Amino acid sequence: MVVTVVTALAAVVRLMLGPSLVDRIVAGSVIGTMLFALILLFGLLLDEPMMIDVALVYSVLHFADMLIYAKFLGRHRGFM
C-alpha cells in the first residue's frame, strides 16, 4: 500500500508541474489507477467483498473519463 501511495503522490507532482497537457492527463490516469489499486487493497485488508464492486465501478468511470480526455485532445490539437 505504501508503494501505491508514493506512486500516486509522484503522479500528483507531475499533475501540478507537468510541462504539457498530455503529461497532466497521463498523470491523472496514473492517479486514477493507483486509487483503483488502493480501493482493492483496502477491500482485501478489511475483508470486505463489496469493495471489489466499488473498485470495478470506479474503474469503468475512470475509463470513460479517459475517453472524454482523448476526444478533447483529438479535437483541440493546438493545446499540446
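Here, each number is a calculation from the coordinates, and none is a lab measurement. Quantities reported herein were computed from a predicted structural model and do not represent experimental measurements. FYI the Cβ positions are ideal-geometry reconstructions off the backbone, even for glycines, and counts take in every protein chain you see.
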| remark: Per residue, the convex hull enclosing the Cα atoms of the chain spans a volume in Å³ of 61
| What value, in deg cm²/dmol to 500, does the helix sum -39500 (n - 2.57) over DSSP H runs of n ≥ 4 give at 222 nm once divided by the residues of the chain? | -30000 deg cm²/dmol
| Cβ-Cβ FRET estimate between L46 and K71, R0 fixed at 41 Å, reported to 0.05 | 0.65
| field | Percentage relative contact order, segment 2-79, counting C-alpha pairs under 8 Å, at least six apart | value | 25
